[in-house]
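One structure coming up, written as structure tokens, with questions to follow.
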Amino acid sequence: MIQVRCDNYHIEVEKECFFSIITPNYNSGDKLVRAIKSITNNAVSFEHIIVDDCSTDESFILAQQLGISISSFNIIFLSNLSNSGPAISRNKGLDVAKGKYILFLDADDYFIECTLDILYNAIKSNNMPDVLTYNYQMIESTNEIIALTKDSNIANVICNPIKEYLSDKIISAPWGKCIEADLAKSFRFPDLIVSEDALYNLDIFINAKSVFKIDSTLYIFDKTDSNSLTRKAFDRKEFMKFHNGWVAFEKKALKEIQLKNSHRLLASRKIRFEVLYYINRMIVSPDSKVDKFIIGSIKETIHNNIILARNELSAKVKILCFMFYFFPSLTISLVKFYKVF
């Protein structure tokens, strides 16, 4: 094998594809091109699978034009026949992926330089683990400075990945982790409107035999274009999308997780997802009206879970839950005004 270097990262270039990067795309503008360019400066062998979900802008066309000029790695362009959502797009990518490891890269986001070579070295140095996780930085402003720290490139074993995952120490997003291909392709993203990535990752961490973490910031999560969920009114229809996603996750977790204190961990996760997240959505919602049904559901979640989850929650979260349970409207107003929690 040929010995090459990407900056300080020593790579053995293999003939077979080592990484498959899967990117679902829908109307990402010029950010998809940025995502592609972010992985060009890597010595390890890889392929980039881009699945377009019937975009109405030029993002997919611009990416195809860029692809013509790239010869250093293989870009595979696929299209859905109808707008089907990111779960179907990621599954289509999994169907054709040929790499030894799978990574997910959202079209709006990007990797730092030489990410794949850093991951390759960590994987090879740790006996080819099932999963390797890594750090990310979220940016919410185009003027925000990306403060990449001098993190360690040494991978450390995660002894209890399910516990780490349920405690949100491992992110539920599809990105942020590198998954051995046979394991990644053994499961599929369920066809849900939201939380499909949480269920896919649950399958991964239940079945992974070796999970490591590298304390390096390798991924940039770009939230500068938030037309997204936070600009939608958090009405009953929007609430039910997320609630149904949680119900599917909870049902699967209770059935398949064999872990001491799993009920306590699920209760704390439910507080974070079905209380904190919903309160935050009500705070940023453009609709000032609050649905009594949603208020009642949040209060019921607090009532049924706060005691069981108490040892897993911070004092600040417990105070917020207490305030909301007895004074929901006042709590929303105070949090919105003082921007706490």
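The values are calculated or read from the model by the stated rules, or taken from the named source; none is laboratory data. Since this is a predicted model, take the numbers as computed values, not measurements. A quick note on method: Cβ atoms are made from the backbone with ideal geometry, for glycine too, and the neighbour counts reach across all protein chains shown. Please note that ligands, DNA and RNA were not included when accessible areas were found on the heavy atoms of the full protein model with its side chains. Shrake-Rupley method; radii C 1.70, N 1.55, O 1.52, S 1.80 Å.
Provide the FRET efficiency to the nearest 0.05 for the A233-F327 pair, computing r from the beta carbons and using R0 = 25 Å.
Plugging the Cβ-Cβ distance into 1/(1 + (r/R0)^6) gives 0.65.
Note down the magnitude of the dipole of the range 33-92 about its Cα centre, charges +1 on Lys and Arg C-beta and -1 on Asp and Glu C-beta and zero elsewhere, to the nearest 20 debye.
On the way: 4 positive and 5 negative charges, 36 e Å.
The calculated dipole for the range 33-92 is roughly 180 debye.
Would you mind giving the three semi-axes, in whole Å and largest first, of the ellipsoid equivalent to the range 73-201 according to its Cα gyration tensor? Please report the intermediate quantities before stating the final value.
Numbers: eigenvalues 111, 73, 58 Å².
Semi-axes, largest first: 24, 19, 17 Å.
Any chance you could run the full-extension gain for T56 through S141? It's 0.36 nm times the residue separation minus the Cα-Cα distance, nm to one decimal. Walk me through the intermediate numbers first.
Details: separation 85, 0.36 × 85 = 30.60 nm, distance 2.50 nm.
Length difference between fully extended and current span is 28.1 nm.
Which semi-axes, in whole Å and largest first, does the equivalent ellipsoid of the chain have when worked out from the alpha carbon gyration tensor as the square roots of 5 times its eigenvalues? Spell out each step's value before the answer.
Working: eigenvalues 259, 110, 71 Å².
Largest first, the chain gives 36, 23, 19 Å.
Just subtract the alpha-carbon distance of R310 and Q64 from 0.36 nm times their residue separation and send over the number in nm, one decimal.
Working: separation 246, 0.36 × 246 = 88.56 nm, distance 5.13 nm.
Computed gain between R310 and Q64 is 83.4 nm.
Which value in nm describes the separation of the simple spin-label points at E250 and V284, placed 7 Å from the Cα toward the beta carbon?
2.4
Here is a further query. Quick one: check the C-alpha center-to-center distance for the range 92-125 versus the range 279-341, whole angstrom.
Cα centres, the range 92-125 to the range 279-341: 38 Å.
Same structure again: For the chain, what does the helix formula give at 222 nm: sum of -39500 (n - 2.57) over DSSP H segments with n ≥ 4, over the residue count, nearest 500 deg cm²/dmol? Write out the running numbers ahead of the final one.
Numbers: 13 runs with 142 residues, N = 341.
Helices in the chain give a 222 nm mean residue ellipticity of -12500 deg cm²/dmol.
How far is helix 59-68 tilted, in degrees, relative to the longest principal axis of the Cα atoms in the chain, given as a value from 0 to 90 rounded to the nearest 10?
So the helix axis and the longest Cα principal axis differ by about 20 degrees.
Cross-link partners among aspartates and glutamates for K163, C-alpha distance below 18 Å, same-chain residues fewer than 8 apart left out?
Answer for K163, where 18 Å is the Cα cut-off: D130, D197, D203, E250, E256, E312, listed by chain and number.
Hey, which lysines would be in cross-link range of K185, C-alpha to C-alpha under 20 Å, not counting anything within fewer than 8 residues on its own chain?
Here the lysines satisfying the reach criterion relative to K185 are K92, K98, K100, K177, K209, K252.
Using a 1.4 Å probe, how large is the accessible area of F73, given in Å² and rounded to the nearest 10?
Number for this one is 20 Å².
Could you give the accessible area per residue of the chain, probe 1.4 Å, as a whole number in Å²? It would help to have the intermediate numbers written out before the result.
Details: 17040 Å² over 341 residues.
For the chain, the solvent-accessible area averages 50 Å² per residue.
Right, here's the next one. Explain nothing, just the number: relative contact order of the chain, from Cα pairs under 8 Å at least 6 residues apart, as a whole percent.
Working: 564 pairs, mean separation 53.5, N = 341.
Worked out over the chain, it gives 16 percent.
Can I ask one more? Quick one: with all protein chains in place, what share of the accessible area of the chain is carbon or sulfur, to the nearest percent (1.4 Å probe)? If you can, show how the numbers build up before the last one.
Numbers: 9000 of 17040 Å².
Carbon-and-sulfur percentage of accessible area, whole number: 53.
Using Cα-Cα distances under 8 Å and only pairs 6 or more residues apart, what relative contact order does the range 159-315 have, in percent?
On the way: 122 pairs, mean separation 41.4, N = 157.
With pairs under 8 Å counted, the relative contact order is 26 percent.
To the nearest 10 degrees, how steep is helix 86-96 against the longest Cα principal axis of the chain, on a 0 to 90 scale?
30
Show me, bin by bin at 5 Å from 0, the whole-percent P(r) of the range 65-140 based on Cα pairs.
3, 9, 19, 21, 22, 17, 7, 2, 0
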